[in-house]
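Let me begin by presenting the structure, written as structure tokens, before commenting on it.
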Amino acid sequence: MKITRNNILLWSAITAFALTSTGCSIFKPSDKGDKDSKGMTGWVQSGEEAVSNAAGDVKDKAKETSGRVKKTTEKAIEEVNEKLQSIADDVKNSNISGDWAIETVLGKKAVGETAPFLKFSPAENRIYGNNGCNIINAGYKIDSSQKTISFGNIASTMMMCAETNITDREVGEALAATASYSITDSEPDRMLTFYDAAGKAVMTLMHRDFHFLDGTWAVEKIDGEKVAVDGMKLALDVDEKRLHGNTGCNIINGELETDMDTANSISFSKIAMTRMACPDSGWETRMTVALEEAVTAKKISNDEIEFIGSNGQQVMLLRRTDAVQD
């Protein structure tokens, strides 16, 4: 058949009439029921549900991951704390620096013409001290993780001791036999024990720490009364055994002694001062008398100490301050 313009128009008209009369659509309807979907609205709702479900899955995963991260972090922190505690314990157990009074040696009470003691110098890995008669020194090696310690090159002066039955010889024997150690803290004392290779205690020592005295101190009170003059200060140096200070008018100097037999025992001697005329000389006299009466030094805090007299009463209260001006 010959296709003409008139034929095309005729077929287009017939097709349009057929579609209109049957109510057919060229769009395919959703194959889902009304319950599941209603055309385009259903598709949108389905998409929203999918997004919501995906978001829920992400939150669950995030929560689960967060839990794992939290547990891992807590475990890591716990391990770090354990290591820090171990380091602190090692430092504590290896901290044998300072002065130690020898209490017992080879099962006997340590006895000497003077109080036997050992002073540890970790910077040099050496000890210095007195065996009750002679000055001694030695090198030492320590392993805090294994709690081992040994002494070598033990040397001593050779003075003849005036008293008998003292334990000076036993001190050297105990040091030579020492293989391990332990430190026990029990208020107010800190004890150090040396053991031989068989684990038998050969020496016990008590810590005598006087270095809390080091520094410059303002004299706050004398015999419980607040000092009424300005500039009354003391500078103390335990290692040098020196006292230096100012009465608020005159410069004062002297010697500081500690006694290894008694915890925090202290005494001042050879006190000398300049002779300037002072308007408040009464306080100056009270200061020197209080120093002469002091038999014990007590740490109240890092910034406050007191001197106690033989009657157990406070004779001087001091507070940490700046250096003494000459």
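No lab work stands behind these numbers, since they all come straight from the coordinates. For clarity, every value in this text was computed on a predicted model and none was experimentally measured. Here Cβ is always computed from backbone atoms with ideal geometry, including for glycine, and neighbour counts include all displayed protein chains.
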Check Val295: other-chain or 5+ apart residues with amide H under 5 Å from its amide H, H built from backbone geometry?
-> Ile308, Gly309, Ser310
When Lys and Arg each count +1 and Asp and Glu each count -1, what net charge do the other residues less than 10 Å away from Met191, Cβ to Cβ, add up to?
-> -2
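Cross-link list Lys270/Lys298; Lys119/Lys298; Lys241/Lys299; Lys233/Lys270; Lys233/Lys298; Lys147/Lys299: which exceed 27 angstrom alpha carbon to alpha carbon? Provide the component values of the computation, followed by the final result.
Values: Lys270/Lys298 22 Å; Lys119/Lys298 21 Å; Lys241/Lys299 18 Å; Lys233/Lys270 18 Å; Lys233/Lys298 17 Å; Lys147/Lys299 30 Å.
Beyond 27 Å: Lys147/Lys299.
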For the stretch 160-276, give the magnitude of the charge dipole about the Cα centre (Cβ charges: +1 Lys/Arg, -1 Asp/Glu; no others), in debye to the nearest 20.
-> 360
What residue among Asn134, Ala174, Gly152 has its Cα farthest toward the positive end of the dipole of the stretch 123-186, where the charges are +1 on Lys, Arg and -1 on Asp, Glu, each on the Cβ?
-> Gly152
Which distance in Å, rounded to a whole number, links the C-alpha centroids of the stretch 260-297 and the stretch 157-185?
-> 35
Using θ = phi - 60° and the Karplus curve 6.51 cos²θ - 1.76 cosθ + 1.60, what whole-Hz ³J(HN,Hα) does each residue of the stretch 286-295 get, with Gly and Pro shown as x?
-> 4, 5, 5, 5, 4, 5, 5, 7, 5, 10
